[in-house]
Amino acid sequence: MEFLDKLGIKENNFGSSTGSEWFKTTSEGELKISSPVDGKYIASVYQASEKDYEQIIAKAKEAFLYWRKVPAPKRGEIVRQIGLKLREFKPELGRLVSYEMGKSLQEGLGEVQEMIDICDIAVGQSRQLYGFTMASERPNHRMYDQYLPLGIVGIITSFNFPVAVFAWNAMIAAVCGDVCLWKPSSKVPLSAIAVQNIISDVIKENNLPEGIFSLVIGRGATIGEKLLNNSNIPLISLTGSTEVGKHAGEVIAKRFGKAILELGGNNGIILTENADLKLALPALVFGAVGTCGQRCTTTRRLIIHDSIYEKLKESLVKAYQGLKIGDPLDEKNHVGPLIDKKAVEMFVSALEKVKKEGGKVIFGGEVLVGKGYESGCYVRPAIVEAENHYTIVQEETFAPILYLIKYSGDVTNAIKLHNGVVQGLSSSIFTNNMREAEQFLSAEGSDCGIANVNIGTSGAEIGGAFGGEKQTGGGRESGSDAWKAYMRRQTNTINFGNDLPLAQGIKFEI
């Protein structure tokens, strides 16, 4: 395929790099990558060895000593150049993301655009790594705080966003003076290799040392665990399931490391009797079936006022009947495949569980077979009438299952249902009632890290800090002041007088 050639993807690829240098290990097993789109083999990746990993860490430590001394705006210039390279390769990288992961071409291109946009944000941020000056209680003293580079940042990403989440972290970390070590999902390693190839061009063109942007593709049980336990890595940003995050959080905390955890979401949308259903419908459908339900911000629960329940249910079923399911590279299709057959099994299992608990599947739920569905990864998105307390509804199933939950009374009852899950990532309310909207955004409203009014749960802009509460992990990435997590904070006091007064009026004479 031409786009693979342009991105430097070969038939057999190596899985570890310090920037432009690739380690040639072939002894640790080979990942053979096939597309969920058509089941066809794409290419293979040789996994990194523990020795490769140790060499990468050594290079990263050395690179940090150099990179932290480069003025932040100069670091921003390197990120600007990376953004330009991503613009150049956007069509090819977007197509690879879509083909390797299975999301629509528009979403694949959009993911690369997120990378470009975060580069732009990071370039500006490189001149805005600000601290604050505070008034000292002591005469002839100046007190301020500042932010300094942290060190090596480990970035562990999931399959559903093969490249964007890396960039959210790496581009901000880079302008902060950190060096980055990326461990991508073993389900989508080719996209990561393509990104590394793009970045390596910038590394070479600027004669930068190896180790500023490193890549390691390997087993979680070995390479992943070494990352979590490595005290040379002061910060790890991990995207994954809540269970994976619990383990990672414990391991990192034991060594007093820092963690940004972006874990499970069980995102709900409240539709009050004052909702504009015409406005809501496209947001509900895209939120539920976009990326075939494999976004952490996917809409999973609709909490619907009983006065509009039947009307909305009818509109949803009609909209789902019109969904085109098939090759995501064909822009006429709305829904592509799940990532693999294991994900299909989880989809089927979840529907069986909800039916046993009393739920009713009112649309979809089938595994699709026949022409165009040869990979075995295609399903028909499901709509299910359910209750919020069902065990399976309380869990995050990474698949296109939308639960309809009825409520009565005022919006307080809906908010209680909405918040009645352990996850807390993204949320939304559709209403034209200002009081309902403001209550949803108040301290007694949504308990999620993202709360929207009259838009869906998916498609967060990168200018805002991204992340959630409760068992979603509590981390923040991307925009706003999320950059502070990638730096160490230091308070400084300067005495420019001739005396040595102590704080709190303490007297000490010798």
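The values are calculated or read from the model by the stated rules, or taken from the named source; none is laboratory data. All of these numbers come straight from a predicted model, not from anything done at the bench. Here Cβ is always computed from backbone atoms with ideal geometry, including for glycine, and neighbour counts include all displayed protein chains. With ligands, DNA and RNA removed, areas are computed over all heavy atoms of the protein, side chains included. Shrake-Rupley method; radii C 1.70, N 1.55, O 1.52, S 1.80 Å.
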Fill in the blank from the handout: To the nearest Å², the heavy-atom accessible area per residue of the stretch 305-412 with 1.4 Å probe amounts to 48
Exercise for the section: Give the shape of the stretch 415-462 as rounded, prolate or oblate, defined through the alpha-carbon gyration tensor: a ≥ b ≥ c are the square roots of its eigenvalues, a/c under 1.5 means rounded, and otherwise the shape is prolate if a/b is larger than b/c and oblate if not. Expected result: oblate
Handout entry: Candidate lysines for bridging to Lys406, where Cα separation is under 18 Å - those fewer than 8 sequence places away on the same chain excluded
Key = Lys311, Lys313, Lys355, Lys360, Lys416
Problem - Estimated inter-spin distance, Glu2 and Ile494, nm [label 7 Å along Cα→Cβ] - result: 5.9
Exercise for the section: On the full set of protein chains, 1.4 Å probe, figure out the accessible area of Glu438 and give it in Å² to the nearest 10. Expected result: 110
Handout entry: Zone of Glu62's modelled label, taken as backbone nitrogen in the stretch 206-240 under 15 Å from a point 7 Å along Cα→Cβ
Key = 208-214
Exercise for the section: Rounded, prolate or oblate: pick one for the stretch 1-125, where a ≥ b ≥ c are the square roots of the eigenvalues of its C-alpha gyration tensor, a/c under 1.5 means rounded, and failing that, prolate if a/b is larger than b/c, else oblate. Expected result: oblate
Completion exercise
The rounded separation in angstrom of the Cα centers of the stretch 10-82 and the stretch 219-294 is 23
Exercise for the section: Give a residue-ordered list of calculated ³J(HN,Hα) values for the stretch 136-142 (Karplus: 6.51 cos²θ - 1.76 cosθ + 1.60, θ = phi - 60°; whole Hz; x for Gly, Pro). Expected result: 8, 7, 9, x, 6, 10, 10
Practice task
Using a cut-off of under 17 Å, list every residue of the stretch 335-353 whose amide N is near the label point 7 Å from the Cα of Val367 along the Cα-to-beta-carbon line.
Solution key: 337-353
Practice task
Could you tally the net charge around Ala170, taking each other residue with its Cβ under 15 Å from the Cβ of Ala170, Lys/Arg +1 and Asp/Glu -1?
Solution key: -3
Handout entry: Debye log10 I(q)/I(0) for the stretch 423-510, one point scatterer per Cα, at q = 0.18, 0.26 Å⁻¹
Key = -0.85, -1.30
Exercise for the section: With label points built 7 Å along Cα→Cβ from the Cα atoms of Glu88 and Ala503, find their separation and express it in nm. Expected result: 5.1
Problem - Theoretical ellipticity at 222 nm over the chain - DSSP helices of four or more residues, -39500 (n - 2.57) apiece, nearest 500 - result: -11500 deg cm²/dmol
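Once whole DSSP H runs in the chain are found, which of them have Cα atoms spread over 15 Å or more along the helix axis and a mean Kyte-Doolittle score of at least 1.6?
Those that clear 15 Å and a mean of 1.6 are 164-175, 277-289.
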Handout entry: Separation of the Asp201 and Ala443 label points, Cα + 7 Å toward Cβ, nm
Key = 5.3
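Taking a temperature of 25 °C and a viscosity of 0.890 mPa s, what whole-number D in µm²/s does Stokes-Einstein yield for the chain with Rh from Kirkwood over alpha carbon pairs?
Rounded, D is 102 µm²/s.
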Problem - Cβ-derived FRET efficiency at R0 56 Å, Lys246 paired with Asn432, nearest 0.05 - result: 0.90
Problem - the stretch 1-75 shape via C-alpha gyration tensor axes, a/c threshold 1.5 - result: oblate
Exercise for the section: Quantify, in whole percent, the carbon and sulfur part of the accessible surface of the stretch 421-510 (1.4 Å probe; protein heavy atoms only). Expected result: 49
Problem - Label zone at Asn413 (point 7 Å along Cα-to-Cβ), backbone N below 12 Å, the stretch 306-325 - result: 306-308
Problem - lysines whose Cα lies under 23 Å from that of Lys254, excluding same-chain neighbours fewer than 8 positions away - result: Lys61, Lys183, Lys226, Lys246, Lys470, Lys484
Practice task
Using a 1.4 angstrom probe on heavy atoms only, work out the carbon and sulfur share of the accessible area of the stretch 58-133 in %.
Solution key: 53
Exercise for the section: Express in whole angstrom the spacing between the alpha-carbon centres of the stretch 438-501 and the stretch 370-387. Expected result: 37
